Amino acid sequence: MSGHSKWATIKHKKGAADAKRGKLFAKLIRQLEIAARGGGGDLDSNPTLRTMYQKARDASVPVDTIDRAIQRGTGDLEGVTYEEVTYEGYGPHGVAIFVDGSTDNRNRTGAEIRSIFSKAGGSLAEPGAVAWQFERKGMILVPAEVTEDELMLTAIEAGAEDIVPGDGAWVVTTDPHELMAVRDGLVEAGIATTSAELTMIPINLVELATAGEARGVLALIDALEDHDDVADTYANVDVPDDVAAELSAE
């Protein structure tokens, strides 16, 4: 079992348990607006928007709320203009962290993100310092009840790159441009999916040998993800099975 698969499912469970509904909705709505602004409001011709639309629907964002966000993005409705931002840094134990977000005030957000890193014993780095340690991929979570043979055959035929067991779920990875095509292939075959989203998969991993070390990194990630301007965070960590079990039980 890869460290990424365990971290991905731990992170997914923790996010699902901790996220406040209103804050989650607000972040998804921003991402919809940005996607629509960058590629237009048509789901068929804008794959990024289609991915964000599905992510919002998976989170139970109302359709009319989604539609208004898209209209603000295309300029059909007035609204605050957000721009995409990324931040790179190092957390405790030398863990590389990549942050995706959006803001209407780049200077304010940058200063606040730097402060979060510093308070957690980490440091903000220059652009490009850690990005090379990650690959952007599509990630689909499928309930563990689905048999490996059934999932493998369908996912590979639909264009998936890899399938690994995670903590209570199968983790299906895809080329970022094939994410929704693979998800659609699974759904059409009657295979349920828990989520489908773009992610950053680490190339080189840092092992967190104890629950204490993992909690330190989680504390930084939680603080980052609690920030209104942060959409996603990614860390190049390897969590041993016993540590993952201890964290999952908390």
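A few points about this structure:
- Ile97 vs. criteria farther than 28 Å from Leu208 by Cα and of a type outside the set (Gly, Ala, Ser): no
- First in segment 195-213 and within 19 Å of Gly168 (Cα to Cα), second anywhere and surrounded by fewer than 19 Cβ atoms within 10 Å (Cβ to Cβ) and aromatic (Phe, Trp, Tyr), Cβ under 9 Å, 6 or more apart: none
- Screening segment 185-206 for residues that are open to solvent by less than 40 Å² (accessible area, probe 1.4 Å) and outside any strand (DSSP E or B) and picking the one that is farthest from Pro240 (Cα to Cα) gives Gly185.
- The criterion of being within 28 Å of Asp184 (Cβ to Cβ), in contact (Cβ under 8 Å) with a residue 40 or more places away in the chain, of a type in the set (A, V, I, L, M, F, W, C) and surrounded by 13 or more Cβ atoms within 10 Å (Cβ to Cβ) does not hold for Ile97.
- Residue count for segment 108-155, restricted to those that are at pLDDT 95 or above, surrounded by 15 or more Cβ atoms within 10 Å (Cβ to Cβ) and among the basic types (Lys, Arg): 1.
- Restricting segment 207-241 to residues that are in a strand (DSSP E or B), modelled with pLDDT under 90 and over 11 Å from Ile97 (Cα atoms), the residue that is least open to solvent (accessible area, probe 1.4 Å): Asp238
- Within segment 88-111, the set of residues being farther than 16 Å from Arg30 by Cβ and either assigned to a strand (DSSP E or B) or in contact with an Asp or Glu (Cβ under 8 Å, 6 or more places away or on another chain) (or both) comprises Glu88, Gly89, Tyr90, Pro92, His93, Ala96, Ile97, Phe98.
- Per-region count, segment 24-67, residues open to solvent by less than 30 Å² (accessible area, probe 1.4 Å), under 16 Å from the mean Cα position of the chain (by Cα) and polar (S, T, N, Q): 1
- Per-region count, segment 159-169, residues open to solvent by 30 Å² or more (accessible area, probe 1.4 Å) and either at pLDDT 90 or above or assigned to a strand (DSSP E or B) (or both): 5
The values are calculated or read from the model by the stated rules, or taken from the named source; none is laboratory data. On a predicted model such as this, the values are computed, not experimentally measured, just so you know. When we count neighbours, we look across all protein chains shown, and the Cβ atoms used for this are built from the backbone with ideal geometry, even at glycine. What goes into the accessible areas is simple: the full protein's heavy atoms, side chains included, and nothing from ligands, DNA or RNA. Shrake-Rupley method; radii C 1.70, N 1.55, O 1.52, S 1.80 Å.
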